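A.B. asks: Could you have a look at this structure, given as structure tokens, before my questions?
The values are calculated or read from the model by the stated rules, or taken from the named source; none is laboratory data. All values reported here derive from a predicted model rather than from experimental measurement. No Cβ is skipped: glycine too gets one built from the backbone with ideal geometry, and neighbour counts run over all protein chains shown.
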Amino acid sequence: MDKSKLICELAGIVGRDSVLSCRRDLLVYEYDATPDVSMPEYVVFPRDASEAAAIMSVARREGLAVVPRGAGTNLSGGTVPLKGGIVLALTRMTEVRSLDVESQRAEVEAGLVNLEFQGFIAPHGHLFAPDPSSQKVSTLGGNVGENAGGPHCFKYGITTNHVYGLEAVLSDGQVVHTGGAAEDSPGYDLTGLIVGSEGTLAAVTSMVVRLMRVPEAIKTMLAIFDTLEDCGNAVSDTIAAGIIPATLEIMDRPLIAEVESSTHTGYPLDAEAVLLIELDGMKEELEGQSQRMVEICRRNHVRTVHVAQDDAERDELWRGRRVAYSAMVKLAMGSTVHDTTVPRTKLAETLRQVRDIADHYRIRVGTAAHAGDGNLHPLVVYDPRDLEEVERVHSADKEIVRLCVAMGGTLSGEHGVGIEKRDYMPLLFTEDELAHMREIKRIFDPEGLLNPGKLLPLDGTT
């Protein structure tokens, strides 16, 4: 179809102000939080599932790729429109369709920002457990697509543990509903299949999510260690003792230095690691648990443990961790960040070897980790104009991923595979296993129009 006629048809579905097609507007949608870029031909903003379905039907008829997108904060290249086509921007679908506090359920639309939803349910004494660092801007639909986690995922789980049902649009324009408000639904777990599928199987337009009560009390502390091994052993000993903290966050020495230069929170620059510990639950339990945590840290040669005495001190302890990414990326024009996961017992050794890799390739790396579940985030900064440095960064990236897999880990804990880790999938899966995944993709999306080129290694059909 002629481009002007196609624009008119799309405008007939959503209104002319909800269709972008000029280059100036499209530039904003050619990238996410990775260096990859590719410009779409159209950006369309549906307001409900029926509009999204109509757009999908047009795209299928015209053979246009469709990339569902929220805020575009993902760190895997997952919302880069590799084959142009249509970006299905869900950011105008922001309603809380229903709230059932008694049953601890809510139905929310895909474009609602995570933190705005948290603010909506907080007066009711509840929270939504998945809390990615991008929660100020990332949408709930994006959290579902990437199966996002966050600092509290060790105790409370990642997004898939908190989604009971979905409304989604398939590649042929059908609107389907999976799961529901009940915890268990008979038949195949299609909800679990779509969560984390990175927009390659369906465009999620709303979801039924689980709410949790705000904990009665919270105890936060910061432990300073002189070796990564002592810090890692403190984490392992904590879990072995049966203590399940809400968060266990590690930052290594290079990252500490950059955070301290930005925030002046008082982190010692000669420490090899800091461990941010947060306990939550019944008030009566926390005093004893916090004392046990201090004892565990002392057995592992902690230098100091500072326990926050009020909310202001708690916020101050968290401030450094919250700005870790921005503190690193301000150092250079280019950056990458991994989210590989290793067994907890291998975390300290892996962090040490990541630093060795950085030294070998002469690159700047600072590492944070959700230590409770072994999810580490090496933050690499570089100058994209220096092609020799870029090559060294690529080589280091490959070694870091291979190291984590060799440690018994996996490619992604919460950022998704997207483009960035797509070609590493054979490190984890056999060709037969990948073939089964491609068959699932073909069943949902026979023409390969939904977010093509993501998640699965290319075989000429995806």
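A.B. asks: Determine which single condition Ala202 fails, assuming it passes every other condition in (1) at pLDDT below 95; (2) touching a Pro at 6+ places or on another chain (Cβ under 9 Å).
C.D. replies: For Ala202, the exception is condition (1).
A.B. asks: Please tell me if Gly413 is at pLDDT 95 or above and under 22 Å from the mean Cα position of the chain (by Cα).
C.D. replies: Answer is no for this residue.
Rundown of residues vs (1) out of contact with any helix residue (DSSP H, G or I) (no Cβ under 7 Å at 6 or more places or on another chain); (2) among the basic types (Lys, Arg), yes/no style:
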{"residue": "Asn74", "(1), (2)": "no, no"}
{"residue": "Gly78", "(1), (2)": "no, no"}
{"residue": "Leu88", "(1), (2)": "no, no"}
{"residue": "Val96", "(1), (2)": "no, no"}
{"residue": "Glu107", "(1), (2)": "yes, no"}
{"residue": "Phe120", "(1), (2)": "yes, no"}
{"residue": "Lys136", "(1), (2)": "no, yes"}
{"residue": "Gly141", "(1), (2)": "yes, no"}
{"residue": "Gly150", "(1), (2)": "yes, no"}
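A.B. asks: Consider only pairs whose beta carbons are under 9 Å apart and that are at least six residues apart or on different chains; among these, list those whose first residue lies in segment 370-394 and is at positive phi and whose second residue is assigned to a strand (DSSP E or B) and β-branched (Val, Ile, Thr).
C.D. replies: Cβ pairs passing all conditions: Gly374/Thr341.
A.B. asks: Residues to consider are Ser57, Ser98, Ser76; find the one that is without any contact (Cβ under 8 Å) to a residue 40 or more places away in the chain and polar (S, T, N, Q).
C.D. replies: Unique residue meeting the criteria: Ser98.
A.B. asks: Kindly provide the set of residues from segment 250-263 that are assigned to a strand (DSSP E or B) and more than 16 Å from Arg352 (Cα to Cα), ordered by number.
C.D. replies: Within segment 250-263, no residue meets the criteria.
A.B. asks: Being hydroxyl-bearing (Ser, Thr, Tyr) and surrounded by fewer than 19 Cβ atoms within 10 Å (Cβ to Cβ): is that true of Ser185 here?
C.D. replies: Judged against the criteria, Ser185 is a match.
Yes/no per residue for (1) on the phi > 0 side of the Ramachandran plot; (2) among the aliphatic types (A, V, I, L, M); (3) part of a strand (DSSP E or B):
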site	(1), (2), (3)
Pro132	no, no, no
Val144	no, yes, no
Glu167	no, no, yes
Ser171	no, no, no
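A.B. asks: Now for a different question. Return the only residue of Gly232, Gly242, Gly187, Gly266 being part of a helix (DSSP H, G or I), modelled with pLDDT under 95, more than 28 Å from Glu95 (Cα to Cα) and not assigned by TED's automatic domain parsing to the domain that holds Gly77.
C.D. replies: One residue alone meets the criteria, Gly232.
A.B. asks: Regarding Glu102, is this residue surrounded by 18 or more Cβ atoms within 10 Å (Cβ to Cβ) and over 22 Å from Thr73 (Cβ atoms)?
C.D. replies: no
A.B. asks: Restrict the check to segment 247-270 and report whether at least one residue is touching a Gly at 6+ places or on another chain (Cβ under 6 Å), under 21 Å from Cys153 (Cβ atoms) and either surrounded by fewer than 17 Cβ atoms within 10 Å (Cβ to Cβ) or touching a residue at least 60 places away in the same chain (Cβ under 8 Å) (or both).
C.D. replies: yes
A.B. asks: Sticking with this structure for a sec: If Gly418 passes every condition in (1) at positive phi; (2) surrounded by fewer than 18 Cβ atoms within 10 Å (Cβ to Cβ) but one, which one does it miss?
C.D. replies: Exception for Gly418: condition (2).
A.B. asks: Same structure again: Identify, please: which residue in segment 70-99 is in a loop (DSSP other than H, G, I, E, B) and either in contact with a Cys (Cβ under 8 Å, 6 or more places away or on another chain) or hydrophobic (A, V, I, L, M, F, W, C) (or both) and is, among those, surrounded by the fewest Cβ atoms within 10 Å (Cβ to Cβ)?
C.D. replies: Leu82
A.B. asks: Say whether the condition of being on the phi < 0 side of the Ramachandran plot, crowded, with 20+ Cβ neighbours inside 10 Å, not hydrophobic (A, V, I, L, M, F, W, C) and not assigned by TED's automatic domain parsing to the domain that holds Thr367 is met by at least one residue in segment 447-458.
C.D. replies: Among the residues of segment 447-458, at least one is on the phi < 0 side of the Ramachandran plot, crowded, with 20+ Cβ neighbours inside 10 Å, not hydrophobic (A, V, I, L, M, F, W, C) and not assigned by TED's automatic domain parsing to the domain that holds Thr367, which makes the answer yes.
A.B. asks: Does Val67 satisfy the condition of being buried (at least 17 other Cβ atoms within 10 Å of the Cβ), outside the structural domain of Leu140 (by TED's automatic domain parsing) and assigned to a strand (DSSP E or B)?
C.D. replies: yes
A.B. asks: In segment 112-130, which residues are buried (at least 18 other Cβ atoms within 10 Å of the Cβ) and outside any helix (DSSP H, G or I)?
C.D. replies: Across segment 112-130, the qualifying residues are Leu112, Val113, His126, Leu127, Phe128, Ala129, Pro130.
A.B. asks: For a quick check of your reading of the model, give me the residue pairs whose first member lies in segment 294-306 and is farther than 20 Å from Glu316 by Cα, whose second is polar (S, T, N, Q), with beta-carbon atoms closer than 6 Å and at least 6 apart or on different chains.
C.D. replies: Pairs that qualify, where the first residue is farther than 20 Å from Glu316 by Cα and the partner is polar (S, T, N, Q), are Ile296/Thr238; Asn300/Asn233.
A.B. asks: Which one is modelled with the lowest pLDDT among residues in segment 342-376 that are touching a Phe, Trp or Tyr at 6+ places or on another chain (Cβ under 9 Å) and surrounded by fewer than 24 Cβ atoms within 10 Å (Cβ to Cβ)?
C.D. replies: In this case the residue turns out to be Asp373.
A.B. asks: Another question about this same structure. When the residues of segment 191-212 are filtered to those that are closer than 19 Å to Cys153 by Cβ and among the hydroxyl-bearing types (Ser, Thr, Tyr), which remaining residue is surrounded by the fewest Cβ atoms within 10 Å (Cβ to Cβ)?
C.D. replies: Thr191
A.B. asks: Suppose the filter is more than 23 Å from the chain's Cα centre (by Cα), assigned by TED's automatic domain parsing to the domain that holds Arg60 and surrounded by fewer than 16 Cβ atoms within 10 Å (Cβ to Cβ); does Arg47 pass it?
C.D. replies: Judged against the criteria, Arg47 is not a match.
A.B. asks: Among the listed residues Arg105, Arg92, Arg60, identify the single one that is out of contact with any Leu (no Cβ under 7 Å at 6 or more places or on another chain) and on the phi < 0 side of the Ramachandran plot.
C.D. replies: Arg92
A.B. asks: Residues that are more than 30 Å from Val235 (Cβ to Cβ) and of a type outside the set (D, E, K, R): does segment 150-165 have at least one?
C.D. replies: yes
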